Amino acid sequence: MKIDGTPYRSVWVDAQDGWSVRIIDQTKLPWSVDIVRLVDVAGIAHAIRSMQVRGAPLIGAVAAFGVALALRADASDAAMERDCAMLAETRPTAINLRWAVSRMLARLRPLASQARVSAAYEEARAIADEDAAMCEAIGDHGAPLIAEIAERTGRRVNLLTHCNAGWLATVDWGTALAPIYKAFEQKIDLHVWVDETRPRNQGAFLTAFELGKHGVPHTVISDNAGGHLMQHGQVDMVIVGTDRVTRTGDVANKIGTYLKALAARDNDVPFWIGLPSSTIDWTVSDGVNDIPIEERAASEVTTITGRGLDGTVATVRVVPTGSPAANPAFDVTPARLVTGLITERGRCAASAEGLGALFPEMAPAD
Ligand code: MRU
C-alpha cells in the first residue's frame, strides 16, 4: 500500500545490500515514517518485543527473516534451534509467529549448514509474498459483504474496526482492512469508525494513519463509543483481525474486541473476522482457556504518548503515582458471537465445521 504515493510493504530485504532487513518503525508512527535497518537476530527479536513491528502476520514474516539473519552468523544445528526457539518466544499470543518459525525449521533442518542461508531467505520471502497474496484474497472475499450492505441500504456503509489490522499489521493489504480497501477501490461509498484502542492506541495511531494516507473516510472514536453508535444504527458491520483462531472458531484479538462483539450481538450488527490461514491454531479448541494472553507492562496503561502543540512527541503519566495498573493485551471472543470468518479461501462460519470445510486437509480426523 502507499504512503504519500510511494508503495511500501511493512518488511523487505534491503535492495542495495541484498541481505539486511528493513522495517517501518511502528513505534514512531504517526509522527514520523522511520525506516529501520536490521542486521542480526537480536535486532529482529528486539523489533518484535518492542513492537517496532506488530500485528500477527507481520511478526511471523519478520521472524522468518530473523531466522535468515541468524543463520548468516551461525548456521549450525545447535545455533539454529536456539535462535528459532528464542524468536518463537518473543510474543506469546499470535500463532503466526510460531507457525512461521516452524515452517522455516521444517525447510532448513534437512539441509547441510552451508545451504541454509540462501534457503532461509527464499523461504522467508515466500512467507512474505504468500501473506500479501492471502491478505489480498481476504479483501476479495470480504468486499462483497460491504457491497451487499451498500446495495441493500442505498447509502454510505459504516464499518467499525478495532486495533490495527491493516497493511501495517501484515506484509501488505491487511486482514480486516483488506475488504475495506477493496470496497473503496470499487468506489463503494463507505466510512470507518476507528476505535482508538488503548492502551497503545494502534487504532488512533496506525489505522487512522493508514486509512488517511489511502484517502478512506474515517473517524477515530474512543474505545467506549462503539456500543452507543451501534444502538443508534450508525454501524452496519464490525470487522476486525485476529492473533489466533481456534479450530472451533474462537477468536483472540486486541483487548476490547470481546466487548465490541457483545455490543454487536445485542444490536444485530454483523461481526466479521479477517484472517489468513496462518492464524488458525488447529491444536486448540477452547480459546478462553487455552490461548495464552500476553500481559504487557503497566506503563502502557499509566502513560500516554502524543505530540504537543510545539511539535515535540512526549509521554505523560495519566494515572496517579502509586496506583497499580494491569495490562492484558488480548481477549477471546467466543465463536458464538462471530458472524463469520473471511479467509483467503473464502468465507465460513466460525465453527469446526466451517473451518473444516474450507481447509479439509487441516481438520483433524475424528
Ligand atoms: O499487539 P498488536 O498490535 O500486535 O496486536 C495486533 C492485533 O491485535 C491485530 O488486530 C491482529 O494481529 C490482527 S492483524 C492483521
ask   = Of the residues in region 241-260, how many are within 13 Å of the ligand (Cβ to nearest atom), in contact with a Phe, Trp or Tyr (Cβ under 7 Å, 6 or more places away or on another chain) and either not in a strand (DSSP E or B) or not assigned by TED's automatic domain parsing to the domain that holds ILE180 (or both)?
value = 2
query = For residues in region 327-366 being part of a loop (DSSP other than H, G, I, E, B) and within 16 Å of the ligand (Cβ to nearest atom), which is farthest from PRO199 (Cα to Cα)?
reply = GLU344
inquiry  = Every residue in region 60-87 that is within 23 Å of the chain's Cα centre (by Cα), small (Gly, Ala, Ser) and either crowded, with 19+ Cβ neighbours inside 10 Å or under 21 Å from VAL251 (Cβ atoms) (or both), please.
reply    = GLY60, ALA61, ALA63, ALA64, GLY66, ALA68
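Yes/no per residue for (1) open to solvent by 50 Å² or more (accessible area, probe 1.4 Å); (2) under 30 Å from TRP31 (Cβ atoms); (3) at pLDDT 95 or above; (4) hydrophobic (A, V, I, L, M, F, W, C):
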site: ARG247; (1), (2), (3), (4): yes, no, yes, no
site: LEU262; (1), (2), (3), (4): yes, no, yes, yes
site: VAL288; (1), (2), (3), (4): yes, no, yes, yes
site: ALA298; (1), (2), (3), (4): no, yes, yes, yes
request  = Residues being within 24 Å of ARG49 (Cα to Cα) and either of a type outside the set (A, V, I, L, M, F, W, C) or not in a helix (DSSP H, G or I) (or both): count how many of those fall in region 97-129.
outcome  = 7
task = Those residues that are open to solvent by 10 Å² or more (accessible area, probe 1.4 Å) and at positive phi, I need them from region 172-184; list them, please.
result = TRP173
query = Which condition number does PRO144 fail, the rest of (1) open to solvent by 50 Å² or more (accessible area, probe 1.4 Å); (2) within 12 Å of the ligand (Cβ to nearest atom); (3) not small (Gly, Ala, Ser) being met?
reply = (2)
task = Identify, from the list ALA225, ALA169, ALA165, the residue that is under 26 Å from VAL301 (Cα atoms), surrounded by fewer than 24 Cβ atoms within 10 Å (Cβ to Cβ) and outside the structural domain of ALA47 (by TED's automatic domain parsing).
result = ALA225
task = Please find, among LYS213, LYS187, the residue that is surrounded by fewer than 21 Cβ atoms within 10 Å (Cβ to Cβ) and in a helix (DSSP H, G or I).
result = LYS213
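How many residues does region 88-103 contain that are hydrophobic (A, V, I, L, M, F, W, C) and either open to solvent by less than 10 Å² (accessible area, probe 1.4 Å) or at pLDDT below 95 (or both)?
4
The values are calculated or read from the model by the stated rules, or taken from the named source; none is laboratory data. Remember, predicted model here, so these are calculated numbers, not experimental data. Reconstructed Cβ throughout: ideal geometry from the backbone, glycine too, with neighbour counts over all protein chains shown. These area figures cover heavy atoms from the full protein model, side chains too; ligands, DNA and RNA do not enter into them. Shrake-Rupley method; radii C 1.70, N 1.55, O 1.52, S 1.80 Å.
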